[in-house]
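In what follows, a single structure is set out as structure tokens and then discussed.
The values are calculated or read from the model by the stated rules, or taken from the named source; none is laboratory data. Predicted model, so just to flag it, every value in this text is computed and none were measured. Note that each Cβ is placed from the backbone with ideal geometry, even for glycine, and that neighbours are counted across all protein chains shown.
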Amino acid sequence: DAMRGGADVAARICGLASSLVASHPQVAGVAVASAGVVDPSTGDIVSATGTMPGWGGTPLGALLQEATGLKARVLNDVHAHGLGEATLGAGQPYRTVLSIAVGTGIGGALVDFAPDMTCSCGRKGHIESFCSGSGITAWYDSLRGESDPEVDGGRALQELAEYGNALAAACFSRSAFALGEATASLVNCVDP
């Protein structure tokens, strides 16, 4: 019933936690894995998608503590899944575990860009192949028509874009967008 809204969902979670704590007096705390961007130090839902309207901004940790009288911890659901796999599941024997959750949304995704461009390391598919200074210049050169001047390096390409060359500007715009998407994907994976 996520579409009933964040306040309704929070009230039902708190009600369920209260009834479980009342029927199990040995319980020492409450832990919840939740969708959305969670501040694990406070248990606040910092932001969330439209999958559950009004979920972003919910102080879930504080609401649970108030409802149960116990210490409450809230963690992002994908992070909780990864922690479970790393400590109790398939990731136990490894020092590093990457967990990708595919469900209503996708958490922890890495995106591979530029599959047809060769990186300076000689392999294909690296973001460096068209976001670095040398990479974006090579990309521009591969797309350049007769009316587009040759450039010598990223700085010259930047100047060309600033002086109004449409292809140079488009290369910078698409490169910056791709770098932003790659960075956002990494943030989803490691939650710095």
ask   = In region 166-184, what count of residues is obtained for those that are exposed (fewer than 13 other Cβ atoms within 10 Å of the Cβ) and under 18 Å from Gly153 (Cβ atoms)?
value = 1
query = Looking at this structure, is Tyr94 surrounded by fewer than 17 Cβ atoms within 10 Å (Cβ to Cβ), aromatic (Phe, Trp, Tyr) and modelled with pLDDT of 90 or more?
reply = no
Subset of region 135-165 [loosely packed, with under 15 Cβ neighbours inside 10 Å and hydroxyl-bearing (Ser, Thr, Tyr)] = Ser142, Ser147, Tyr163
key: Tabulated pairs, region 152-172, first under 14 Å from Ser132 (Cα atoms), second surrounded by fewer than 17 Cβ atoms within 10 Å (Cβ to Cβ), C-beta under 7 angstrom, 6+ apart or interchain   = Gly153/Gly133; Gly154/Gly133; Gly154/Ser134
